[in-house]
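What follows is calculated from the coordinates using simple rules that are stated; it is not laboratory data. What you see is a predicted model, and the numbers here were worked out from it, not measured in a lab. Here the Cβ is made from the backbone with ideal geometry for all residues, glycine too, and neighbour counts use every protein chain on show.
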Amino acid sequence: MTYPEYKTAAERHLETCWQLLFVLEEYKRKQQANTLLPHEIKSRNKILGDLYYLAGYIIECSYSCSIFHKIGFPNDIDVRELEPAKWSLYSISYDVTYRKTSGGGTSNTFVIANSTHTLSGRMDFFISKMGFTPPIVLLNGYNLLDSNNNIRPASILFDNWNAEIRYTIDSALNLNYDNVSDFFYLATEVYEGLVTNSMI
């Protein structure tokens, strides 16, 4: 995977998320009119989870693309081919795992270290190791603030997003139209701030 492909992935997720948000807006209108059917409630809940999951990947892909751009990595070389010596210059580490190949041998698979496979981990890495100023306002523990210095609904979702939510989402997050749509709008802000306005 070349690092511009992270941008492509973020753009694909953005397109999908806009469509999901459109469906959620329709369900919200039906709920306000008391015409939301039981099967639509189930569908709405699934779409909320899908939108949350994909919006988090927009943020993750945006940060990944920006990290590789910042270190001047060639945009036509697979990111897994970066020499370990250069990773250490930027305090970046990759975990190496092995997987079986179809021929029975093994091949290396490199993934960004688990500590950065959460949004808050990526943000920490981006700020402390890469010297970036984030494109969004932060307060202690990534409590994201709106323009009136109020904590945004997206804050709790940001703090709790990780790749495992594709399997199960903690019901304590109480996903609803307001916090999930705010999280998606946050993802669009991060994408615009990191990728569109400053890079490629």
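If I go through the stretch 20-40 residue by residue, how many of them are in contact with a helix residue (DSSP H, G or I) (Cβ under 7 Å, 6 or more places away or on another chain) and under 21 Å from Phe183 (Cα atoms)?
Going through the stretch 20-40 one residue at a time, the tally reaches 6.
Scan the stretch 149-163 for residues that are within 18 Å of Leu24 (Cα to Cα) and part of a helix (DSSP H, G or I) and jot them down.
Scanning the stretch 149-163 gives Ala154, Leu157.
Please go through the stretch 164-182 and give me each residue that is in a helix (DSSP H, G or I) and touching a helix residue (DSSP H, G or I) at 6+ places or on another chain (Cβ under 8 Å), ordered by number.
Ile165, Arg166, Leu173, Tyr177, Asn179, Val180, Ser181, Asp182
Being more than 19 Å from Glu189 (Cβ to Cβ) and crowded, with 20+ Cβ neighbours inside 10 Å is the filter here, so list the residues in the stretch 1-23 that pass it.
Tyr3
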